[in-house]
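Report on one structure; see the data block that follows.
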Amino acid sequence: MSNEETTNPDIENVEQPTEQPVEQEQAAASEQAVDEEPSPEAQIEALQEQLAKTKDDALRTLADAQNIKRRAEAEIDKARKFALEKFAGELLAVADNLERALEAADTDSEMVKPLAEGVQLTQKTLIDTLAKFNVVQLDPVGEPFDPQFHQAMSMVENPDVEPNTVTLVMQKGYTLNERLLRPAMVMVSKAAAGSIDENA
């Protein structure tokens, strides 16, 4: 019994020093946590930065949505404007055939004259109907050659007109909403060979 009594105080003496440092560590940790807690000014600044970033993200998202909407509207408008492109292109052959029929008709013949007038009226009705849907005929005789709308089939010297002028239209061109549907096939004037030397 006396041996147990002598050993117990020793155990108590050993345990007590270990409890005190644990309490000190907890106190130090709590003090450090208090020191690490940001100040109200820092918290406000962080929240302001976060708010500014959120506003910026919202503005970017809104701008992207508006751009998508504008692109969609442009695509719809383009589809509406040029939906008739293929159909109108097929009708051009009809207009060409009517014009060829008029060119071949003998208008001096009394028998052919009423028929030619009927073909001419049909051709005019077709061209006017195409124009209602913004299909416009290009007949650029006497106009300067424009490679965007004209296709030069040949060049000839013609002293009566300025160089680079359309002197003959072999096949009329057409535009759809100001976009080329088919170029006009034309003959273009060029300067005489001697005139280049004279200007030089």
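The values are calculated or read from the model by the stated rules, or taken from the named source; none is laboratory data. Remember, predicted model here, so these are calculated numbers, not experimental data. Please note: Cβ atoms are built from the backbone with ideal geometry, for glycine as well, and neighbour counts cover all protein chains shown. Note: accessible area is taken over every heavy atom of the protein model, side chains too, but ligands, DNA and RNA are not part of it. Shrake-Rupley method; radii C 1.70, N 1.55, O 1.52, S 1.80 Å.
For segment 149-163, the criterion of being open to solvent by less than 60 Å² (accessible area, probe 1.4 Å) and either part of a helix (DSSP H, G or I) or charged (D, E, K, R) (or both) is met by no residue.
Residues in segment 31-90 that are touching a residue at least 40 places away in the same chain (Cβ under 8 Å) and assigned to a helix (DSSP H, G or I) were compared, and the one that is nearest to the chain's Cα centre (by Cα) is Lys81. Per the listing Thr107, Thr129, Thr125, the residue uniquely within 28 Å of Tyr174 (Cβ to Cβ), hydroxyl-bearing (Ser, Thr, Tyr), modelled with pLDDT of 90 or more and over 31 Å from the mean Cα position of the chain (by Cα) is Thr125. Within segment 63-73, does at least one residue satisfy the condition of being closer than 19 Å to Ala131 by Cβ and not polar (S, T, N, Q)? Taking every residue of segment 63-73 in turn, none turns out to be closer than 19 Å to Ala131 by Cβ and not polar (S, T, N, Q). For segment 111-135, which positions are open to solvent by less than 70 Å² (accessible area, probe 1.4 Å) and in contact with a helix residue (DSSP H, G or I) (Cβ under 8 Å, 6 or more places away or on another chain)? Answer for segment 111-135, where residues must be open to solvent by less than 70 Å² (accessible area, probe 1.4 Å) and in contact with a helix residue (DSSP H, G or I) (Cβ under 8 Å, 6 or more places away or on another chain): Ala116, Val119, Gln123, Leu126, Ile127, Leu130, Val135.
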